[in-house]
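Visitor: The structure follows.
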Amino acid sequence: MKVTYYGQSCFLIETLGQKLLFDPFISPNPLQSENGKAIVNNIEADYILLTHGHGDHVADAESIAKRCGATIISNYEIVSWYQTKGIKGHPMNLGGSKSFDFGTVKMVNAVHSSVLPDGTYAGNPSGFVVSNTEITFYIAGDTALTMDMKLIPMTCPKLDFAILPIGDNFTMGISDAVLAAQFIECDKIIGCHYDTFGYIKINHASAQKAFSAKGKELILLPLNESTTL
Ligand code: NI
Ligand code: MN
């Protein structure tokens, strides 16, 4: 299983021959500069999973979905909004699981807010637990630390890794994300939602130290680079 990081909360996860793109915010990302547009024009996705409607998670979803014919997986409100634009979608809501050809998705709680870029109501924000015969992972979306995270190890297969926001201000910061890693019983964490804007700049070394002090690994992927897990 291959993971590529495109900045903020955008990841391309390739598993069992399928390409899953999460929260595409690439062309407007100030860290991408000129690369962003080329990536958006060339990236391939079979499915686009959106955790909530904020611009820093959905900015490039429409153009990529239309070019690739990708299916959007998100909550009912967000999928309905994209369907009015002629984009395929599969609607879910909190607590629901569904089997797809790449594996099973469970939509889990996130404590945050959500609205679409034109002001349309976007329902509740969420995270996803994705599991198949190769891998199980949790992608938290934008969220505060919440006791609901303790439900994940009780209700889902054992996590191989998790993608957690660590940038503070709009989401969990480092110390809450370390607790989240404990709540979800996962030792391998990939950080997201940091460094993109001034409000969420972090110190990488101290972040990694905070995780390692609790026996956890914090992976901070360089922009546009991939790793195999
Ligand atoms: Ni957000
Ligand atoms: Mn965000």
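Values in this text are rule-based calculations from the coordinates and carry no lab data. Quick caveat, the model's predicted, so the values are computed rather than measured. Cβ coordinates were reconstructed from backbone atoms using ideal geometry, including for glycine residues, and neighbour counts include every protein chain displayed.
Visitor: Residues of region 153-183 being under 19 Å from residue 51 (Cβ atoms), more than 16 Å from ligand 1 (Cβ to nearest atom) and within 16 Å of the chain's Cα centre (by Cα), which ones?
Guide: 159, 161, 162, 180, 181
Visitor: Need pairs with beta-carbon distance below 6 Å; first residue of a type in the set (Ser, Thr, Tyr) and within region 113-124, second part of a loop (DSSP other than H, G, I, E, B); sequence gap 6+ or separate chains.
Guide: The qualifying pairs are 114/52; 114/53; 114/122; 114/125.
Visitor: Let me ask something else about it. Within region 55-100, track down each residue that is farther than 11 Å from residue 24 by Cα and within 16 Å of ligand 2 (Cβ to nearest atom).
Guide: Of region 55-100, the ones farther than 11 Å from residue 24 by Cα are 66-100.
Selection gives 74, 75, 78.
Visitor: Quick one: in region 192-215, which of the residues that are within 16 Å of ligand 1 (Cβ to nearest atom) and free of Cβ contacts under 8 Å to residues at least 60 places away in the same chain is farthest from residue 110 (Cα to Cα)?
Guide: Of the residues in region 192-215, the ones within 16 Å of ligand 1 (Cβ to nearest atom) are 192-197, 199-200.
This time we only want the ones that are free of Cβ contacts under 8 Å to residues at least 60 places away in the same chain, so: 194, 199-200.
Working: 194: 18, 199: 21, 200: 19 Å.
Within region 192-215, the match that is farthest from residue 110 (Cα to Cα) is 199.
Visitor: Collect the residues in region 55-71 that are in a loop (DSSP other than H, G, I, E, B) and surrounded by 21 or more Cβ atoms within 10 Å (Cβ to Cβ), keeping them in residue-number order. Reasoning before the result, please.
Guide: First, pick out the residues of region 55-71 that are in a loop (DSSP other than H, G, I, E, B): 59-60, 69-70.
Those that are in a loop (DSSP other than H, G, I, E, B) and surrounded by 21 or more Cβ atoms within 10 Å (Cβ to Cβ): 59, 60, 70.
Visitor: Something else now. Taking the stated definitions as given, is residue 94 surrounded by 23 or more Cβ atoms within 10 Å (Cβ to Cβ) and either β-branched (Val, Ile, Thr) or under 17 Å from the mean Cα position of the chain (by Cα) (or both)?
Guide: Values: surrounded by 23 or more Cβ atoms within 10 Å (Cβ to Cβ): no; either β-branched (Val, Ile, Thr) or under 17 Å from the mean Cα position of the chain (by Cα) (or both): yes.
It is false that residue 94 is surrounded by 23 or more Cβ atoms within 10 Å (Cβ to Cβ) and either β-branched (Val, Ile, Thr) or under 17 Å from the mean Cα position of the chain (by Cα) (or both).
Visitor: When region 126-147 is examined, which residues are found to be within 13 Å of ligand 2 (Cβ to nearest atom), part of a loop (DSSP other than H, G, I, E, B) and surrounded by 19 or more Cβ atoms within 10 Å (Cβ to Cβ)?
Guide: Across region 126-147, the qualifying residues are 140, 141, 142, 143.
Visitor: Which numbered condition trips up residue 150, out of (1) closer than 30 Å to residue 42 by Cα; (2) surrounded by fewer than 23 Cβ atoms within 10 Å (Cβ to Cβ); (3) not aliphatic (A, V, I, L, M)?
Guide: Result: residue 150 fails condition (1) only.
Visitor: Follow-up. I'm told residue 164 meets every condition in (1) in contact with a Lys or Arg (Cβ under 9 Å, 6 or more places away or on another chain); (2) within 16 Å of ligand 2 (Cβ to nearest atom) except one. Can you identify the failing condition by its number?
Guide: (1)
Visitor: Could you grab me the full set of residues in region 96-117 that are within 23 Å of residue 85 (Cβ to Cβ) and either among the hydrophobic types (A, V, I, L, M, F, W, C) or within 16 Å of ligand 1 (Cβ to nearest atom) (or both)?
Guide: Across region 96-117, the qualifying residues are 100, 105, 107, 113, 114, 115, 116, 117.
Quick grid of which residues meet (1) more than 30 Å from residue 154 (Cα to Cα); (2) in a strand (DSSP E or B); (3) among the β-branched types (Val, Ile, Thr):
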| site | (1), (2), (3) |
| --- | --- |
| 14 | no, yes, no |
| 24 | no, no, no |
| 39 | yes, no, yes |
| 44 | yes, no, no |
| 53 | no, no, no |
| 73 | no, yes, yes |
| 80 | yes, no, no |
| 87 | yes, no, yes |
| 108 | no, yes, yes |
